[in-house]
Every structure is written in structure tokens, then in C-alpha cells.
Amino acid sequence: MSYFFITGAYRSGTTLLDKLLCSHPSLQVASQPFPLLFVAIKETFCQSIGYQGEQFPLSNYFREKEYCPEDVTKFLDKFKISKEFLEVVYKRLQSFSGTGDRLSNWIDILGQIETGHLCDIYRELLPAYFEDAGRHFGCKEILCEEFIPYFIQKGIRCIHITRDPRDMMCSLNAKKGHEFVGDLRPTLFNIHNWRKSVAFALQYESSPLLHTLRYEDLVCDPKGELLKITDFFGVEPYASKKNLLSENNHWKANSSFQNYTEISTDSVGRYKKALPESVIAFIEATCFAEMKYLGYGLPPKNEHEMFRTIKNFKEPYELERNNPPSDYSERSFLKDLETIRLHEIIHGGGFSPEQFVFSEIGVILNETI
């Protein structure tokens, strides 16, 4: 019996991936069963260093000066989760409105769990979800990339999925997107979350315990991508069948545009018709190096054109959230930091972790262009 963890940015295909894995007889996946567990652990870390500046516990690390991902991993290595801690998480989950599976027998399970590290608790909680014994148990949680290094260190396999940021933004902001992730967020804030997600994937992609894939490849060649995943787990390939989702009775995709019962490529490139041109240009200017590394098509752009795009960007969406602030994408000092980051990628520079999460990522992106 072994364990795994699926993560990625919101609206990047994590749900489709977990449903596809569930259709394999040796794999069992719970979809966001205890999201507030990861939030509570990160909150505890912030409290342990006397840090009160984090608006969102699952940070995007942009402009972060007080701690780094390695600090979080060291904390997780020492932090022991008590039964009382889990009881508090359980109470918070009762009023949590997010989508996902929920563990119905928390109380029974809490009575059996002893104090332990996250990896121990993870291994105890997951089997409680499934009536059928599987060879591999896992769950998916969005925006939890910062837990990847810890899980890898503890021998827990991780799968990271990414998506073209233009289509991710399209899914977040169009039609039914708010039903899955809440009210609209500022464009630049979403970009920061996407870049953080990619940074963790690139930093640890050489690990044999991390498998990375693109959403576009999954929907365009599902059998090929799933064969790579079964190789990753060392299990038998999927049985040949027309609908790979057939084991999930009456499952409908959580698309922001329409319902699907089978894998569809309709969502690939949808941004071309659904996103404002100014948003497309802004994403391409702020994410172009990551997009080029990942193989996402980009129109020809010169350095000065991208600088102008960043400087002149105006948020086109009506935002009701106060956190992050509605003018986040238009704040001058944030735009200045974006131009500095872009200049460093193009010409080389200090590659501060405050801009790249890991300094090594700046080097990789510089070499990519």
C-alpha cells in the first residue's frame, strides 16, 4: 500500500485528473477531502514564526521576505498534529462552502488517530474514505504545491498538473467559474498563483517521486498521459474502453462553460474567444518565460512591448472581493516589480526568491529564452 498527492493551481484540471485515476482499479482518490487541514497547518507555521502578514495561508510567495518553502518543509518535519488539532479542523469544515468530498465518519476516525506528523495522519485518514481496498491511496487539493517537497521527502508520490494560464484565467472568470472558486480575484493575483504553482513543479521535476503533466496533453491524448501515470505508479495500464470516465457513474465535468460526461478538448484555447485582449496580452507578458518553457504557444513579442503592456494594464473585471484588494493588478509598485522580474529574465539578474519562489527558477527561465 502506498500514498500519493495531486495538486495544481485552481481550474487547471485537478478534478478531471482525480476522476480519471479513480477509474483505475489500483488507485483510489479523494477530491479535496480536508482542504482546511492544509490551511490550518500553514496558519500554525505562520504563528510559530510570529508572522501576521499573510492574507492567504496557502501563499503564492510573491514578495515574501519572512520565510521560504524550505522553512515550511522544516516545520512540517517537526510539527506533530494532535487529535485536538484535527477536531478544530473538523469543526471548521462544517461551515466550509468549498467543493469536494467530505469525510462522513470523522468522529469515528479521530477516536483511532494518535498524535503524529502530517505524513502519518495522511496515511491514516485516506484509507477511511474507501470501502474497497486499493493499492494506492491519494487525494487532490488545489494550491497546495508548497507541500510537495515535504511529501516527496517522506516517500509520498506527488502529481502536479498545470494548464495554459490564459485558459485557466478564462475558466476562473467566465460564466460558472465563480461556482467552483468563489468571487473573481484580481488578474495579477491569479497570475502570481499560477507562477508559484509552476515554480514548484520546475524545482522538483527531477525527483522520481514527482510526475508533472499539462492539462492540454491529458485531454488531447488521455491514453498516452495515463500510461505515463500507470508507469509512475508501477501498476497495470488502463483497460481499453471508449470512455475512460465510465467507472465514475454519471460524472459531469466541473466546466465553467458546459457539462461534459466524457473528456473534451473544447476547453483548449477557449481563451481566444472568451478573454479580453488586454488580459491575454498581460498574461503573455508576465508569464511568457514559463509559458515558453512549458510549450504554450506565444505570438512574437519584443521586450518594450511587454513592458508597455504591464505598465498600461487596467483590470477589466468588476471585483467584489476586498481581499486581495480590487486594485491589486493596477498598483504601481506591483507593476514595477513585474517589469523588474521581466528584465531579469531577459537580461539575467539576481533572481530573488521574492520574485521567483526559488532563485534556480530565474536561472531556468533565463536560459529558456
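The values are calculated or read from the model by the stated rules, or taken from the named source; none is laboratory data. The structure displayed is predicted, hence computed values, not measured ones. For neighbour counting, all protein chains shown are included, and Cβ atoms are generated from backbone atoms with ideal geometry for every residue, glycine included.
Tabulated data for the structure shown
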| item | result |
| --- | --- |
| Some residue of segment 344-361 being small (Gly, Ala, Ser) and outside any loop (DSSP other than H, G, I, E, B) | yes |
| Failed item in (1) touching a Lys or Arg at 6+ places or on another chain (Cβ under 6 Å); (2) closer than 19 Å to Leu188 by Cα, with Glu344 passing the rest | (1) |
| Residue match in segment 182-199 (condition: buried (at least 21 other Cβ atoms within 10 Å of the Cβ), under 14 Å from the mean Cα position of the chain (by Cα) and assigned to a strand (DSSP E or B)) | no |
| When residues of segment 23-79 are limited to those that are among the acidic types (Asp, Glu) and in a helix (DSSP H, G or I), the one surrounded by the fewest Cβ atoms within 10 Å (Cβ to Cβ) | Glu70 |
| Lys314, sole failed condition from (1) farther than 30 Å from Asp71 by Cβ; (2) among the basic types (Lys, Arg); (3) out of contact with any helix residue (DSSP H, G or I) (no Cβ under 7 Å at 6 or more places or on another chain) | (3) |
| Qualifying residue in segment 251-260 (condition: charged (D, E, K, R) and under 29 Å from Asp221 (Cβ atoms)) | yes |
| Residue within segment 297-305 that is in a helix (DSSP H, G or I) and either in contact with a Ser or Thr (Cβ under 9 Å, 6 or more places away or on another chain) or without any contact (Cβ under 8 Å) to a residue 40 or more places away in the chain (or both) present | yes |
| Of all residues making up segment 19-55, the number that are under 25 Å from Phe189 (Cβ atoms) and touching a residue at least 24 places away in the same chain (Cβ under 8 Å) | 13 |
| Enumeration of residues in segment 191-215 that are of a type in the set (Ser, Thr, Tyr) and more than 24 Å from Gly155 (Cβ to Cβ) | Tyr215 |
| Complete set of residues in segment 317-331 that are polar (S, T, N, Q) and either in contact with a helix residue (DSSP H, G or I) (Cβ under 9 Å, 6 or more places away or on another chain) or touching a residue at least 60 places away in the same chain (Cβ under 8 Å) (or both) | Asn323, Ser326, Ser329 |
| Options Glu318, Glu367: the member that is in a helix (DSSP H, G or I) and either surrounded by fewer than 18 Cβ atoms within 10 Å (Cβ to Cβ) or among the polar types (S, T, N, Q) (or both) | Glu367 |
| Identity of the residue in segment 82-117, touching a Lys or Arg at 6+ places or on another chain (Cβ under 8 Å) and not in a loop (DSSP other than H, G, I, E, B), that ends up modelled with the highest pLDDT | Gly116 |
| Lone unmet requirement of (1) in contact with a Ser or Thr (Cβ under 6 Å, 6 or more places away or on another chain); (2) modelled with pLDDT of 95 or more; (3) farther than 30 Å from Phe282 by Cα for Glu145 | (3) |
| Tyr3 vs. criteria surrounded by fewer than 22 Cβ atoms within 10 Å (Cβ to Cβ) and part of a strand (DSSP E or B) | yes |
